Every structure is written in C-alpha cells, then in structure tokens.
Amino acid sequence: MERAIRRIVVVGGGSAGWMAAASLACSFSPRLASGDLSLTVVESTAIGIVGVGEATIPPIRDFNAALGIDEAEFVRATRATIKLGIEFRDWTSNGDRFFHGFGDYGPPLDRQAAAQHLFRLKGLGLINDIEPWSVPSVMAAQNRFASPLRDPRSVLSAYSYAYQFDAALYATFLRSYAEKLGVQRLDRRIVDVSLRGSDGFIDAVVFEGGERLEGDLFIDCSGFRGLLIEQTLKTGYEDWTHWLPCDRAVAMPCPSVGETTPFTRVTAREAGWQWRIPLQHRTGNGYVYSSNFVDDEAAIADLRSQMDGPALAEPNLLRFVTGRRRKAWNRNCVSLGLACGFVEPLESTSINLIQTGVGRLLDLFPDLDFDPVVTDEYNRRSAEEVERVRDFIILHYHLGRRQGPLWDYCRAMSLPDTLVQKIALFRARGEVALLENESFRESSWTAIFTGLGVWPDRWSPLTDQTPAGDTFERMERRAALIRRAVESLSPHDRYLADLATSVTA
C-alpha cells in the first residue's frame, strides 16, 4: 500500500463525472470511510453540461446493479421510461421503418442459429422481414413491456432493455449516492493546471483566488474542451469527420403527448437525422446534422416543424468533431465522456462508453508508479472499443438509401477496413465477424443490415438439411407464440405506474 493512489480528483460533473465518482466510491468505499483515500469532484455551476443524450443501451442496467441501485427508485428519480430499442424511420425512403430491438431472434433450430434459418426463408421468398422473431420489436410495436422472465423456456426471457432518462437528474441522483459514500464536491472554476517539472504529470488544479487541489490521479470529465487531457497535456485528437460528417446538433424538449413509447425514434432527414426520446415528464427532441449541407437556422426550423408540440426551452446548439483522443489515458490523467471523444448520439453509445471506461479503469487501476504497460493496455482497449462503435454507426449512413447530397456522400465514401470486412462477410453468408471489445452483438448488426435492405446472398448450408416447408411452419409457430405472449403484457405506461407505486408503497 506504500505506492497506493490516495488522492483522486474528478474534473467536471455531469453524467461522466458522477458515474465515475459513484463507481469509484462504491469500489473503494472502505478506504474512503477510513480516510485512506480522498475522492473529490470539481464542477462549476457557472458551466453548463451538454446533456444531449438521454437514451442508453442495456449495459446501463449492469452499471446500476453493481452500485446496488433499486430500479424503481432510479426510474422515479430520473423520470425514466423503458427502452426496448430504436425505431428507424425514412432511412431508405420516406415512409419506411424498421426496428433495432435489444434481443436476438430466438434459440437455435436444428443446431443452427435462428437468424440463419430466417435468412434462408427470406431467400426463398417465404418471409419479408425478421422482426416477428425479435421479442423486443414485437413488444415495441404493441407499446407493451414487462421485465424479462428468468425461465429460459419462455419466449419472454430472450430480450433485454435499457432506459430513457433525464441526464441531468441522473447526475444529481449519482451525486447523492457518491456523497453518501464520502465523495467530496467542490463548486469551483479551474483557472490553471500545475504540472510536475520532473515528468510532466499533473500535480494540481488551481482555482480562482489561487486555491490549489492536489491529486495523484486525475479524471477528466470536462466535456468537449478536454481541460486536462487536451488543453493541458496536448494529447491530440483523431478526426473521423471523413466517415461521420455530422458536426452539429440542436436539442429542444417539448411536452409529452399521448402514450410514452418504450423506444427511441430516429428519423432520417435531408442533412442528418432527428431523435425523439420520450420521458415521463417531457419528450426530448434533437436534430444531428452536417453544417456542410444545412445551416443552423434551417436545422432549428426543421426540428421545430417535426416535434410533437411547442418547445419548452430555447434551442441548445452544439458543435462537435467526431473522433477520439489519441490516448484516453495520458500520464496520470484518464479522460471519460466527451473529453475522451465523441461518436455522435446515434445508437445512444455515449453513456455506455463512460461506463466501460470506468470499468476498464477499475480493472487496470494504477499505483503511483503508473506503469506504462498498464496505461498502454487501457488505451489499446479503449481505442478498439470506440472504433468498433464508430464502424457500427458508419454502417447506418453508408447503407442508407435516401437521396440527397449527404447520403450520396456517405454511400460513396471509403470505409475502415474492419467495416469493409464485416459488410462483405454478411452479404456473403449472414455472419457477423465480431472483433475484440465490441459493444454491439450479432443481433444488433443483423437488425441494421436487414432493416436497411441488405440480406445475405447465401446462408449456412446446414440449414438446407431441413425441408423449407418444415422450417417455415416451425418458425411461424414461434412467431405466433411471441405475438400471443406479448399481447398478454401490460402497456408500457401501466408498467411505469406500477413501478412508481412499488416505490411509494
């Protein structure tokens, strides 16, 4: 313990800062309680948080569970709704839709993946799409929800879900959690960063008035500006605008209208795409776009015209450059969230990348020696993960069949080699070549491929051993079973109401 880290400083609050603080506090609670470790979050109320993302993917449930957070309490505190996946509209032509559900397509049939049998049936002209075998897709279409059953024999066990919540309320919720475990919060504006002359490591942050806060390990959650990782340590940034040309977003909330849907909706637009995220108390709306193809005023007007109701706030305009820091961890500074990079909001990956970044830090937690072997491994895993996410997002644009300058550019642009390989293999055999540190599984890639009209030319030849008629009948029975099971569930709003009642009872 002589070389143990004893002072951790988190610069910046918001979702990133408080997720980091809460997770570290939970993991090191005995040391915090004994005074052997200090953990301080520095945030300034004068500096707002970005707060664009209000939707998540299923691993957020693992994060909350690891902290011992009760789901009902969380849903009430953050005004959350359930997210079964994402509904895509107009990505191939106006009026089309498909759904990326958080679940697979059922158990194997005759020792072959269900999806391979479905590819065969599609190739033979016996089915039109794959969604009737995706439980979350069927649930979303009926606006129903129930927690997955534990009995693996039930079709209502084979899916997952995430949440749509108010990001600012989530940060407040985690702040309360962390402070109860001994995390200290300082409301200060940082005006300078002090470096050690011997090795260039960060020694302290300096506040207005000259007060200093020293630390051993610094976590940069300062947003796009990257106060520590970039402005101070000059880490460098890898620009992905060539592949992800959207560089602006405008966000505006509006009142909730009608039933709350258990999914996020993303609608393709001329110069990007629009999100709709229903919460209990309002609906989040935004337009992610490329400034090369539409100006800010036109984008704001376009978003207003597509919302369910009048805006509840002025437009929040954000400018960004898609990409990543060349090192997520540099010297004694680990960057998380927007300070680490940004792959735009499509598929709701921002909060998940914070979560996995904190998890990697705990797995590879340093001592005062900051062994470069450990740091290099952290950076390798971080780079691979965000590059896999990047490829998944590029896929949506590249395969989109909309007409217009942005979409024409995305179809014609050169692709990362890793994505070229994935597309080629799926077209040839319906297989997804998952690489190390992937955030999305085969079923997610399959949903996007098929939803955008890309079906494999061939399928596993082992599926041909079963007569096509028999396979069709068995899969139709499975689809009917899913449909009947979902019809027995309560509406999404009823589930939320029951959950709220369970909290207050």
Problem - Identity of the residue in segment 340-398, under 18 Å from M413 (Cβ atoms) and among the aromatic types (F, W, Y), that ends up surrounded by the most Cβ atoms within 10 Å (Cβ to Cβ) - result: Y397
Handout entry: Residues of segment 228-244 that turn out to be in contact with a strand residue (DSSP E or B) (Cβ under 8 Å, 6 or more places away or on another chain) and of a type in the set (F, W, Y), as a count
Key = 2
Practice task
Name the residue, out of A80, A72, A65, that is more than 17 Å from S134 (Cα to Cα), buried (at least 23 other Cβ atoms within 10 Å of the Cβ) and not β-branched (V, I, T).
Solution key: A80
Completion exercise
When restricted to R31, R97, R6, R76, the only residue among the basic types (K, R), without any contact (Cβ under 8 Å) to a residue 60 or more places away in the chain and in contact with a Leu (Cβ under 9 Å, 6 or more places away or on another chain) is R31
Handout entry: Scan of segment 173-214 for residues that are outside any strand (DSSP E or B), surrounded by 12 or more Cβ atoms within 10 Å (Cβ to Cβ) and in contact (Cβ under 8 Å) with a residue 24 or more places away in the chain, ordered by number
Key = F173, L174, R175, Y177, A178, L181, G182, V183, R188, R189, G200, F201
Completion exercise
A careful count of residues in segment 399-413 that are surrounded by fewer than 19 Cβ atoms within 10 Å (Cβ to Cβ), touching a residue at least 24 places away in the same chain (Cβ under 8 Å) and out of contact with any Leu (no Cβ under 6 Å at 6 or more places or on another chain) gives 5
Handout entry: Selection within segment 360-375 - without any contact (Cβ under 8 Å) to a residue 12 or more places away in the chain and in contact with a helix residue (DSSP H, G or I) (Cβ under 9 Å, 6 or more places away or on another chain)
Key = D363
Handout entry: Flag if F173 is farther than 21 Å from P59 by Cα and among the aromatic types (F, W, Y)
Key = no
Exercise for the section: Determine which single condition S305 fails, assuming it passes every other condition in (1) closer than 21 Å to G95 by Cα; (2) of a type in the set (S, T, N, Q); (3) surrounded by 16 or more Cβ atoms within 10 Å (Cβ to Cβ). Expected result: (3)
Exercise for the section: Please go through segment 394-410 and pick out each residue that is in a helix (DSSP H, G or I) and either more than 24 Å from the chain's Cα centre (by Cα) or of a type in the set (A, V, I, L, M) (or both). Expected result: I394, L395, L399, P405, L406, D408, Y409
Problem - Single condition I5 does not satisfy, out of (1) of a type in the set (A, V, I, L, M); (2) surrounded by 23 or more Cβ atoms within 10 Å (Cβ to Cβ); (3) at pLDDT 95 or above - result: (2)
Completion exercise
Pairs returned, first residue in segment 269-296 that is on the phi > 0 side of the Ramachandran plot, second residue that is of a type in the set (V, I, T), beta-carbon separation under 8 angstrom, 6 or more apart or interchain, are G272/V288; G272/V294
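The values are calculated or read from the model by the stated rules, or taken from the named source; none is laboratory data. None of the values given here were measured: they were computed from a predicted structure. Using ideal geometry, Cβ is built from the backbone for each residue, glycine included, and neighbour counts are taken over all protein chains shown.
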